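Report on the following structure.
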Amino acid sequence: MYNDPLRIGDVSLKSRFFLGTGRFPNPLALRQALEASEAEVVTFAIRRVDLDRAEDDSLLQHLEDKPLRYLPNTSGSQTADEAVRIASLARAAGMGNWIKVEISVNPRYLLPDPIETLRATERLAKDGFAVFAYTSDDPILCKRLEEAGAAAVMPGGSPIGTGLGLLNPYNIGLIAEEANVPVIVDAGIGSPKDAAEAMELGASGILANTPVAKAKHPAMMARAMKLAIEAGRLGYHAGRIPRKPYASASSDLQGSLFSSGASREGEP
């Protein structure tokens, strides 16, 4: 229980932290954050990679000596057709069959297009991709994406890069409760507190980029996120106490350290 792996298809991961690679001040900061995070999966926009010379790409060169699993994403695509084309090019370039479907139209809030995301997920899943579907925090849509073949659903806590945290924790909890595939909260995480809250609600993992890359000390924040994710997972398994409207004494009226139902020494 304390070290339960995250299983996605036939892949087993020790870490539940997925790290984005954009917006870091320099390659060294990225490498240090990656080491501190102990993440096993990194994500990047396919449009940032030179697919014609992937082995020489400036981003991938900084990651090639590490045992990582790549999760390329279709950021920048506005339709299912675009996302499918980009995913197919990435697989042909040797990046594997994991793909994060990310389709948005309005650049102001970058919320995922639900209809195009569902269409792309259906097509890519049928074509053998393990689809990680970035979506809004809609429990019904997340279930539809699962039924369409998504290997994992990735509801956003709030819009990308805002750092607003979980705007609707109730929905995140419902999604986690209903899902039969991993639920990885993506977008809007601003601090370790947000990551821990999502994990306590039952999320399977966290994807974060901006709160690490733009922190004053990226490696330190990456480590903090890792520990928060682990703490939140433990808290979820441990089971929190129910919320009550009024105070409740932590010891009984007789002053016993144990509950009132426990027998005292010498008593039956």
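Values in this text are rule-based calculations from the coordinates and carry no lab data. What you see is a predicted model, and the numbers here were worked out from it, not measured in a lab. For neighbour counting, all protein chains shown are included, and Cβ atoms are generated from backbone atoms with ideal geometry for every residue, glycine included.
Add -39500 (n - 2.57) for each DSSP H run of 4 or more in the chain, then divide by its residues: what number comes out at 222 nm, to the nearest 500 deg cm²/dmol?
Roughly -10000 deg cm²/dmol at 222 nm, from the helical runs in the chain.
Once you list every other residue whose beta carbon is under 10 Å from the beta carbon of Leu19, what net charge do they have if Lys and Arg are +1 and Asp and Glu are -1?
With Lys, Arg at +1 and Asp, Glu at -1, the neighbours total -1.
Just grab the label-to-label distance for Lys214 and Arg48, each label 7 Å out from Cα along the Cβ direction, in nm (one decimal).
1.4
Give the Debye-formula value of log10 I(q)/I(0) at each listed q (0.19 Å⁻¹), with one equal scatterer per alpha carbon of the stretch 173-214, two decimals each.
Cα-only, vacuum Debye calculation for the stretch 173-214: -0.52.
From the phi angles alone, apply the Karplus equation (6.51, -1.76, 1.60; θ = phi - 60°) to the stretch 220-229 and give each ³J(HN,Hα) in whole Hz, x where the residue is Gly or Pro.
5, 5, 4, 5, 4, 5, 4, 5, 5, 5
Amide H to amide H under 5 Å from Val41: which residues, 5+ apart in sequence or cross-chain, H placed 1.01 Å off N in plane?
The answer is Leu19, Arg69.
Run through the DSSP bridge list for the chain and note the antiparallel percent, rounded to the nearest 5.
If I count the DSSP bridges inside the chain, around 15 percent turn out antiparallel.
Between Asn180 and Lys126, what is 0.36 nm times their sequence separation minus the Cα-Cα distance? Round to one decimal in nm.
Values: separation 54, 0.36 × 54 = 19.44 nm, distance 1.85 nm.
Computed gain between Asn180 and Lys126 is 17.6 nm.
Tell me, what ³J(HN,Hα) does each residue in the stretch 103-120 have, in order and in whole Hz, if you take phi through Karplus 6.51 cos²θ - 1.76 cosθ + 1.60 with θ = phi - 60° and put x for Gly and Pro?
The phi angles translate into 10, 9, 10, 8, x, 6, 10, 6, 6, x, 7, x, 5, 5, 5, 5, 4, 5 Hz.
At 0.36 nm per residue, minus the direct Cα-Cα distance, what do Lys193 and Ser248 gain on full extension? Give it in nm, one decimal, please.
17.2 nm
For the chain, go through all pairs of different Cα atoms, get the mean of 1/r, take its inverse, and jot down that Kirkwood value in Å. Could the numbers behind the result be given before it?
Numbers: mean 1/r = 0.0511 Å⁻¹.
Result for the chain stands at 19.6 Å.
Relative contact order for the chain: what percent, with Cα pairs under 8 Å and sequence separation of 6 or more?
Reported as a whole number, the value is 18 percent.
Find out how many positive minus negative residues lie around Glu230, taking Lys and Arg as positive, Asp and Glu as negative, among other residues whose Cβ is under 12 Å from that of Glu230.
+2
Collect residues whose amide H, placed 1.01 Å from N in the peptide plane, falls under 5 Å from the amide H of Asp113; neighbours closer than 5 in sequence don't count.
Ile103, Ser104, Val105
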